Amino acid sequence: MDSKTLARYIREQSLRMVSRANASHIGGALSVADVLAVLYADVLRYRADDPSWAGRDRLLLSKGHCCVALYAALAATGFFPEERLTEYGTDGTDLLCHVSHMVPGVEFSFGSLGHGLPVAAGIALAAQVRGEAHRVFVIVGDGELDEGSNWEALMFAAAHRLDNLRVIVDRNGQQAMGDTEQVLPLEPLGDKLRAFGARVLDVDGHDHDALRAALSDNDKRPGQDRATQAPTVIIAHTVKGRGVPFMENKLKWHYSAPDAELLDKALEGLQA
Amino acid sequence: MRTAFINQLIKEAERHPEIVLLTGDLGYSVVEPFRDRFPDRFYNVGIAEQAMAGIAAGLAREGLNVYIYSIGNFPTLRCMEQLRLDVAYHRLSVKVVAVGAGYAYGAMGASHHATEDVAMMRALPDCVVAVPGDPVEAAAVTALSASHHGMMYIRLGKAHETVVHGASNRPGQGQALQGQLAPGDILPVKVATPVGHSAPPSAAPMGYRRAVLACGSILADVVATVTDADIYSLVFVKPIDCEALVRLAATYSDITVIEEHQLSAGAGSAVVEALSDLYAAGTLPRMPRVHRVAIPDTFCHTAGSQQYLRHLMGLTL
């Protein structure tokens, strides 16, 4: 499945899951859909029939509340049957409403914010020390960067030159109670991240070609001097609710689930 | 105890290549021998306990056995949520090592008094909580931890604790202890009464016989002052060895649990809860009287040595 088809699949299935389960967080799932689609279609090395394959790239979804998008990507790429997506959020399933490592293909459970980057740094350190070639990707929300633990871990990653670590910030500009720049301004975010020792790439988080280039960027620097090695942060500029015009940039869709009528309307007007 | 810990950890690291040590920028003049022996297995993550716990989880996720080391409240309460979600929930092999149990940093103030840590750590599912009573036990617990898969909390004192297990002119006893220690063990320290291994538990009234279960380095105080009771070291607050408790309850009419921790949810609570559950289940025909000696639900605002503060808070028998 090419990345465009996969992105559309992720959006459609995410909408269906959230609607069926009357769950929250569809806005952030739609904003990160293209990032996940490009990762699974073109960037990540994985074996769907062997989720624990040692050589796999590790992907951590620190913004675990947007797990519907990841579950959809994993179903589409064969980690488990698509029918299982209908279990999401129902009694007795392990398809929890925050990302769960009990689901095949999910590396680690998250839900409380600010956890992913430290764990990713630990995984990246283990790979570096052992000389293993896999890469470690971690997707964090922009509002999540309020948590100080991210900055602790980024300092650590820079100190130990973890250039196998790729942090993707889903920069959709909104957090639970409002715009990020109103709650606790993050800008100038790129400068802050650079000051913490990261290589920073700004990219349109819905432009697949740009995402492909950014997500593989550090791979093109073989034999570089250790002194210039650093973790990479890709700031993916996105739109919360992307693809569903009536949801775009509306805080309501951090919380609300579309009912059957609105689900039809969303799917009908779904834009790639 | 901290020296006993690091010396034993170095021995274990020789045998277990998966052992890694992280510190939150503490352990000056303690951890250096490990750092010098295993420079690529030691990381000072800085004064950043939340990141330390998460990084430890990431390393452990990749198969390593990770020790995180700092003072009292810092590798525990400061990063409790990371310990809960990243480590305990994922059932990872992370060993949380805190130095300065109770009032070991007495004059440093409430920030450095580790007096609620056991309560919080024992609430985490599957987390073994070890509170060694002397350096010999600290080494034995460390040896055990090296081959224990899963999470452990190792609550150490600080330095110069009295060696209780070496006091009986039996050199090498510490070595023997290491091979034998298992999670839940309650170690006899000074026991005159034969404990009823063979006698079946009975509901019949019994004469007054008292045991003291001391948790942590306050064990040495108990050994020095108590003459009218048998003395045991409660090395583990979790798990509790229920079979051992049944035997103790069959032998003693009164059991005193003393600990350098708040009254709430510490070692005394763990013993009372276990005994109550055994009684409710019918396994235990008679409940002993359990006396809990612990910090009476208060903070300490006074400077003082560990001994001074123990007395001030009523932690005496």
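The values are calculated or read from the model by the stated rules, or taken from the named source; none is laboratory data. In this text the structure is predicted, and so the values were computed from the model without any measurement. Don't worry about glycine lacking a Cβ; one is built from the backbone with ideal geometry, like all the others, and counts go over all protein chains shown. Accessible surface is based on the protein model in full, side chains and every heavy atom, while ligands, DNA and RNA are left aside. Shrake-Rupley method; radii C 1.70, N 1.55, O 1.52, S 1.80 Å.
Some observations on this one:
- Residue in the range A:216-225 that is more than 24 Å from A:Leu125 (Cα to Cα), hydroxyl-bearing (Ser, Thr, Tyr) and open to solvent by 10 Å² or more (accessible area, probe 1.4 Å) present: no
Yes/no matrix, rows are residues, columns are (1) touching a Phe, Trp or Tyr at 6+ places or on another chain (Cβ under 6 Å); (2) farther than 26 Å from A:Ala121 by Cβ; (3) part of a loop (DSSP other than H, G, I, E, B); (4) modelled with pLDDT under 95:
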{"site": "A:Tyr9", "(1), (2), (3), (4)": "no, yes, no, no"}
{"site": "A:Met17", "(1), (2), (3), (4)": "yes, yes, no, no"}
{"site": "A:Leu39", "(1), (2), (3), (4)": "no, no, no, no"}
{"site": "A:Asp42", "(1), (2), (3), (4)": "no, no, no, no"}
{"site": "A:Asp50", "(1), (2), (3), (4)": "no, no, yes, no"}
{"site": "A:Ala54", "(1), (2), (3), (4)": "no, no, yes, no"}
{"site": "A:Ala69", "(1), (2), (3), (4)": "no, no, no, no"}
{"site": "A:Phe79", "(1), (2), (3), (4)": "no, no, yes, no"}
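- When B:Gln307 is tested against (1) open to solvent by 40 Å² or more (accessible area, probe 1.4 Å); (2) part of a loop (DSSP other than H, G, I, E, B), only condition (2) is not met.
- If the condition is being more than 14 Å from the chain's Cα centre (by Cα) and crowded, with 24+ Cβ neighbours inside 10 Å, then the range A:15-38 contributes A:Leu15, A:Met17, A:Val18.
- Residue check for A:Asp91: in a loop (DSSP other than H, G, I, E, B), more than 22 Å from A:Gly141 (Cβ to Cβ), out of contact with any Gly (no Cβ under 9 Å at 6 or more places or on another chain) and acidic (Asp, Glu): yes
- Residue list for the range B:261-299, restricted to those being in contact with a helix residue (DSSP H, G or I) (Cβ under 7 Å, 6 or more places away or on another chain) and part of a strand (DSSP E or B): B:His261, B:Gln262, B:Val290, B:Arg292, B:Ala294
- Test: residue in the range B:58-75 that is farther than 30 Å from B:Thr162 by Cα, among the β-branched types (Val, Ile, Thr), touching a helix residue (DSSP H, G or I) at 6+ places or on another chain (Cβ under 6 Å) and crowded, with 24+ Cβ neighbours inside 10 Å: no
- Among the conditions (1) more than 12 Å from B:Val20 (Cα to Cα); (2) within 11 Å of chain A (Cβ to nearest Cβ); (3) touching a Ser or Thr at 6+ places or on another chain (Cβ under 9 Å), B:Gly72 misses just one, which is (2).
- Flag for A:Phe110 being within 12 Å of chain B (Cβ to nearest Cβ) and not basic (Lys, Arg): yes
- Among residues of the range A:90-109, those that are under 18 Å from A:Trp53 (Cα atoms) and either open to solvent by 50 Å² or more (accessible area, probe 1.4 Å) or touching a Ser or Thr at 6+ places or on another chain (Cβ under 7 Å) (or both), counted: 3
- Of all residues in the range B:56-69, those satisfying the criterion of being of a type outside the set (Lys, Arg) and either at the interface with another protein chain (Cβ under 7 Å from one of its Cβ atoms) or at negative phi (or both) are B:Ala56, B:Ala57, B:Gly58, B:Leu59, B:Ala60, B:Glu62, B:Leu64, B:Asn65, B:Val66, B:Tyr67, B:Ile68, B:Tyr69.
- Odd one out for A:Ala198 among (1) without any contact (Cβ under 8 Å) to a residue 60 or more places away in the chain; (2) out of contact with any Pro (no Cβ under 8 Å at 6 or more places or on another chain): (2)
- So B:Ile55, is it among the hydrophobic types (A, V, I, L, M, F, W, C) and either crowded, with 24+ Cβ neighbours inside 10 Å or in contact with a strand residue (DSSP E or B) (Cβ under 6 Å, 6 or more places away or on another chain) (or both): yes
- Taken over the range B:79-127, the criterion of being in a helix (DSSP H, G or I), open to solvent by 20 Å² or more (accessible area, probe 1.4 Å) and more than 14 Å from chain A (Cβ to nearest Cβ) is satisfied by B:Ala107, B:Met108, B:Ala110, B:Ser111, B:His112, B:Ala119, B:Met120, B:Arg122.
- Whichever residue in the range B:240-275 is out of contact with any strand residue (DSSP E or B) (no Cβ under 9 Å at 6 or more places or on another chain) and within 30 Å of B:Tyr103 (Cβ to Cβ) and, among such residues, is surrounded by the fewest Cβ atoms within 10 Å (Cβ to Cβ): B:Glu273
- Applying the criterion of being within 26 Å of the chain's Cα centre (by Cα) and within 14 Å of B:Val66 (Cα to Cα) to the residues of the range B:36-47, the residue that is most open to solvent (accessible area, probe 1.4 Å) is B:Asn44.
- Among (1) more than 8 Å from chain A (Cβ to nearest Cβ); (2) under 23 Å from A:Gly116 (Cβ atoms); (3) within 21 Å of the chain's Cα centre (by Cα) - the single one B:Ala53 does not satisfy: (1)
- Scanning the range B:267-315 for residues that are out of contact with any Lys or Arg (no Cβ under 9 Å at 6 or more places or on another chain), within 21 Å of B:Met206 (Cβ to Cβ) and of a type in the set (Ser, Thr, Tyr) yields a total of 2.
- Residues (under 19 Å from the mean Cα position of the chain (by Cα) and at pLDDT below 85) located in the range A:218-258: A:Asn218
- Note on the range B:26-48: residues that are within 20 Å of B:Glu14 (Cα to Cα) and facing chain A (nearest Cβ under 9 Å) amount to 3.
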